[in-house]
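The values are calculated or read from the model by the stated rules, or taken from the named source; none is laboratory data. Note that the structure is a prediction, hence the values are computed from the model and not measured. When we count neighbours, we look across all protein chains shown, and the Cβ atoms used for this are built from the backbone with ideal geometry, even at glycine. Just the protein is used for accessible areas: all its heavy atoms, side chains included, with ligands, DNA and RNA removed. Shrake-Rupley method; radii C 1.70, N 1.55, O 1.52, S 1.80 Å.
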Amino acid sequence: MKILVTVKEVTDLAADFQIADAEIDETYLEYELNEWDAYAIETGVQLVEAGIADEVIVATIGPERAEESVRMALAKGADRAIRVWDDALAEQDLLDVATKAEIFASVVEAEEPEVVLTGVQANDDGFGATGVALAERLDYGWAAVVNALELDADEGGAHVRRELEGGLEELSDVTLPAVFTIQTGINQPRYASLRGIREAEAKEIERKTLSDLGITKADAASALQITDLFEPVAEREVAYFDGDPDEQVEQVADVLADSGVVGE
Amino acid sequence: MSDVLVVAEPRRGELRAVSYELLTAGRGLADAAEGDLHVAVVSGPVDRYADSLSREGVDTIHTVAQGEEFNHDRYVTVIASLVDDLEPAFLLVPHSANGLDYAPAVAERLDRPVVTDAVALDVDDETLVVNRRMYASKIETVVEVADGPFVVTVRAGAFPPAEDFAEPEITAHDVTVDEEGLDSSVRGYEAASDGDVDITEPDFLIAVGRGIEDEENLALVEDLAAATGATVAASRPVVDNGWLPKNRQVGQSGKTVKPTVYLALGISGAIQHVAGMRGAETVIAVNEDPSAPIFDVADYGIVGDLFDVVPRLVEQFG
Ligand SMILES: Cc1cc2nc3c(=O)[nH]c(=O)nc-3n(C[C@H](O)[C@H](O)[C@H](O)COP(=O)(O)OP(=O)(O)OC[C@H]3O[C@@H](n4cnc5c(N)ncnc54)[C@H](O)[C@@H]3O)c2cc1C
């Protein structure tokens with residue numbers, strides 16, 4: 001059984017970023033593997049280690065820089081990788097879900113994995129929609145926000161737990177092939193070992209453009225455009241405690257005493 | 001005229017609060033688009049739900065008795081069929097675990113663009129204008145979406161609930177679902193394990209986040225809790241790492257707490273965390289990142305290192 005894991009290199013903001021003309025300068029951006037995807041990779045690699053799956057392929061949509069995160073996925077045990085990028089994508093500030101689903105669907109159609117794993121969401125844009133859109137496009141089964149996954153190859157299905165709100169979990173069965181969006185906490189993602197990092201250098205990253213996948217520029221045009229960005233309005237007005245740590249702690253102690261939650 | 005169709009969210013015999021918030025979001029959008037507000041409720045005791053959804057601003061409620069509980073395959077079929085009938089310009093769905101489990105598929109099936117986790121909505125001419133947050137809520141963006149009709153998921157807590165009762169029209173629909181074609185079935189539900197401590201009770205919670213860095217460092221926070229009589233709670237990564245049990249987790253998938261004082265140590269304030277603690281009376285946040293969104297929901301803040309603050313607090317109360 002083949003497993004395909006979609007991964008994303010996400011942007012994080014430096015602590016002291018600034019917004020100028022509704023843009024954030026490149027210098028304030030940091031890049032890392034999406035947290036949720038690390039759990040999805042670990043899920044795939046554990047299925048190989050358990051002898052249930054044969055191979056884990058990671059697929060990403062991203063510029064050359066994203067290969068750092070892809071190498072991280074390979075160092076954590078994925079077997080090979082596919083990276084899709086195109087100038088037509090670089091021009092867009094927010095890829096729409098349909099475009100991402102279209103791209104991943106053509107990768108899946110070429111590779112024919114029985115199981116596709118994605119993170120629940122990417123921690124930069126927080127969209128949370130690609131996996132389920134992909135499943136629908138492929139006519140695969142799916143489950144979103146999965147925090148336990150058990151494959152039953154004989155039955156051609158999977159038993160999953162979906163994490164709902166307030167500590168409630170749903171137990172469901174899904175027929176394969178299927179897409180599962182993986183929630184943090186499903187496992188403990190391993191650190192890449194030095195050996196893993198060295199081995200990842202030798203693993204293959206196949207690079208594809210939209211035309212390689214038979215996707216036109218028009219198909220990949222995004223319906224979404226960011227027209228403004230700003231810091232959100234605060235719900236509460238915060239009073240900062242200044243001074244050295246000793247003075248700050250005095251002030252915390254006063255608030256605690258005034259609220260009556262500690263003695264004195 | 002552009003109508004809005006809102007999908008309510010039932011679970012185990014109750015409508016979730018976000019259902020009533022979506023009525024407000026939907027009415028606002030319907031006003032801007034000069035259309036009607038339709039509400040769909042699928043599965044469970046739909047007649048009872050329809051009575052409860054009969055609130056000011058709603059024009060028509062559509063009930064579809066399809067199964068006892070949520071199943072995404074049924075939902076996708078039912079909602080797609082209602083959209084075919086009603087042709088709404090806007091379909092609004094809660095940004096919840098279940099919303100994420102069907103809204104993107106509905107958009108895909110109907111070939112409509114989807115925007116998720118909206119905190120504000122407007123229409124400008126034919127363009128949908130959505131405010132949504134990025135970078136774990138550090139930034140709010142305004143996103144224009146062309147090529148309607150549209151599918152939008154709406155953040156819980158972003159709109160006030162519709163409260164006043166009214167008498168909208170209620171229409172029952174029969175939608176046939178191909179039972180053979182279902183790719184998923186729900187076997188049941190389980191509550192994540194309950195443990196030793198009930199964090200919804202104490203009036204002083206010390207909540208610790210990923211900023212604690214290491215399991216060993218938790219001892220510091222335990223010391224502070226012991227010295228002040230507080231109870232230790234946590235954000236998700238601390239629980240994911242297995243450093244504290246699940247019943248200590250505050251947030252969307254954890255517990256909702258309302259203590260007198262919530263002291264947040266090294267927690268960034270992602271929406272899924274804030275969802276569980278924004279009802280605290282007084283919030284004190286300690287975070288070394290001045291732009292951490294936790295300060296947007298805090299009354300008092302220290303921009304600084306928790307490892308400077310916590311040992312001194314232990315001394316103070318020890
Ligand atoms: C469907 C879903 C459900 C979820 N449910 C929940 C939930 O119930 N509860 C929950 O908490 N999360 C939940 N999450 C996860 C949530 O999105 C965030 O990932 C999580 O809340 C982040 O936790 P954190 O703030 O501890 O970590 P981070 O976001 O990593 O923040 C750590 C913070 O610590 C600060 N820091 C670091 N070192 C120090 C130091 N020495 N001193 C002071 N500050 C320091 C950093 O500046 C940073 O702001 C859910 C996510 C999804 C998708």
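Elements of the type strands (runs of 3 or more DSSP E) sitting completely within region B:69-155 and holding at least 2 residues that are β-branched (Val, Ile, Thr) and either open to solvent by 10 Å² or more (accessible area, probe 1.4 Å) or at the interface with chain A (Cβ under 8 Å from one of its Cβ atoms) (or both): these cover B:114-124, B:127-134, B:139-145. The combined condition, being more than 9 Å from chain B (Cβ to nearest Cβ) and polar (S, T, N, Q), is not fulfilled by A:Thr181. Flag: A:Ala223 matches the condition of being more than 16 Å from the ligand (Cβ to nearest atom), in contact with a Pro (Cβ under 8 Å, 6 or more places away or on another chain) and touching a residue at least 12 places away in the same chain (Cβ under 8 Å).
Residues checked against (1) of a type in the set (A, V, I, L, M); (2) more than 7 Å from chain B (Cβ to nearest Cβ); (3) under 13 Å from the mean Cα position of the chain (by Cα):
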{"residue": "A:Phe127", "(1), (2), (3)": "no, no, yes"}
{"residue": "A:Trp142", "(1), (2), (3)": "no, yes, no"}
{"residue": "A:Ala148", "(1), (2), (3)": "yes, yes, no"}
{"residue": "A:Gly157", "(1), (2), (3)": "no, yes, no"}
{"residue": "A:Arg162", "(1), (2), (3)": "no, no, no"}
{"residue": "A:Glu165", "(1), (2), (3)": "no, no, no"}
{"residue": "A:Leu168", "(1), (2), (3)": "yes, no, no"}
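Just for region A:174-216: of the residues that are surrounded by 15 or more Cβ atoms within 10 Å (Cβ to Cβ) and free of Cβ contacts under 8 Å to residues at least 40 places away in the same chain, which one is nearest to the chain's Cα centre (by Cα)? Among them, the one singled out is A:Val174.
The numbered conditions (1) closer than 30 Å to A:Thr99 by Cβ; (2) more than 9 Å from chain A (Cβ to nearest Cβ); (3) more than 16 Å from the ligand (Cβ to nearest atom); (4) surrounded by 19 or more Cβ atoms within 10 Å (Cβ to Cβ) are all true for B:Ala162 except (1). Could you list, in sequence order, the residues of region B:272-294 that are buried (at least 24 other Cβ atoms within 10 Å of the Cβ), within 12 Å of the ligand (Cβ to nearest atom) and facing chain A (nearest Cβ under 8 Å)? Residues satisfying the conditions are B:Ala285, B:Pro293. Among the residues of region B:261-269, not a single one is open to solvent by 10 Å² or more (accessible area, probe 1.4 Å) and either at the interface with another protein chain (Cβ under 7 Å from one of its Cβ atoms) or outside any loop (DSSP other than H, G, I, E, B) (or both). Those strands (runs of 3 or more DSSP E) of region B:164-255 in which 2 or more residues are closer than 30 Å to A:Leu176 by Cβ occupy B:184-191.
Pairs linking a residue in region B:297-318 that is touching a residue at least 40 places away in the same chain (Cβ under 8 Å) to a residue that is of a type in the set (Asp, Glu) and open to solvent by 30 Å² or more (accessible area, probe 1.4 Å), with Cβ atoms under 7 Å and 6 or more positions apart or on different chains, are B:Val314/B:Asp223.
In region B:273-292, the residues that are over 17 Å from B:Val309 (Cβ atoms) and among the aromatic types (Phe, Trp, Tyr) form no Cβ pair under 6 Å with any partner that is outside any loop (DSSP other than H, G, I, E, B) and near the ligand (Cβ under 9 Å from one of its atoms), whether six or more places apart or across chains. Taking the listed residues B:Leu205, B:Leu182, the one that is of a type in the set (A, V, I, L, M, F, W, C) and modelled with pLDDT under 95 is B:Leu182, with no other qualifying. Look at region A:93-104: where a residue is at the interface with another protein chain (Cβ under 10 Å from one of its Cβ atoms) and a partner is open to solvent by 20 Å² or more (accessible area, probe 1.4 Å) and of a type in the set (Val, Ile, Thr), sitting 6+ places away or on another chain with Cβ atoms under 7 Å, you get A:Asp93/A:Ile226; A:Leu94/A:Ile226; A:Val97/A:Thr130; A:Ala101/A:Thr130.
Quick check, is B:Asp214 under 20 Å from B:Val309 (Cβ atoms), within 15 Å of the ligand (Cβ to nearest atom) and open to solvent by 50 Å² or more (accessible area, probe 1.4 Å)? Criteria met by B:Asp214. One residue stands out in region B:240-254 among those that are within 8 Å of the ligand (Cβ to nearest atom) and facing another protein chain (nearest Cβ under 7 Å): the one that is farthest from the chain's Cα centre (by Cα), namely B:Gly254. Do we find a residue being without any contact (Cβ under 8 Å) to a residue 24 or more places away in the chain, more than 16 Å from the ligand (Cβ to nearest atom), under 30 Å from B:Val303 (Cα atoms) and open to solvent by 30 Å² or more (accessible area, probe 1.4 Å) anywhere in region A:51-58? Scanning region A:51-58, I find no residue that is without any contact (Cβ under 8 Å) to a residue 24 or more places away in the chain, more than 16 Å from the ligand (Cβ to nearest atom), under 30 Å from B:Val303 (Cα atoms) and open to solvent by 30 Å² or more (accessible area, probe 1.4 Å), so the answer is no. Remark: pairs (first residue in region B:231-245, assigned by TED's automatic domain parsing to the domain that holds B:Gly211; second residue modelled with pLDDT under 95 and not in a loop (DSSP other than H, G, I, E, B); Cβ separation under 8 Å; 6+ apart in sequence or on different chains) = B:Val239/B:Lys246.
Screening A:Leu134 against (1) facing chain B (nearest Cβ under 9 Å); (2) within 30 Å of A:Tyr31 (Cα to Cα); (3) buried (at least 22 other Cβ atoms within 10 Å of the Cβ); (4) within 14 Å of the ligand (Cβ to nearest atom) leaves a single unmet condition, (4).
Filter region A:101-127 down to residues that are farther than 13 Å from A:Leu138 by Cβ and touching a Ser or Thr at 6+ places or on another chain (Cβ under 6 Å) and give me whichever is nearest to the ligand (Cβ to nearest atom). My answer is A:Val120.
One residue stands out among those in region B:244-260 that are at pLDDT 95 or above and charged (D, E, K, R): the one that is most open to solvent (accessible area, probe 1.4 Å), which is B:Lys258. Annotation: of all residues in region A:232-259 being more than 7 Å from chain B (Cβ to nearest Cβ) and assigned to a loop (DSSP other than H, G, I, E, B), the one that is nearest to B:Ala158 (Cα to Cα) is A:Val233.
Filtering region A:196-206 for residues that are within 14 Å of another protein chain (Cβ to nearest Cβ) and out of contact with any Ser or Thr (no Cβ under 8 Å at 6 or more places or on another chain) leaves an empty set.
Being under 20 Å from the mean Cα position of the chain (by Cα), farther than 13 Å from B:Phe150 by Cα and acidic (Asp, Glu) holds for only one residue in B:Asp36, B:Asp117, and it is B:Asp117.
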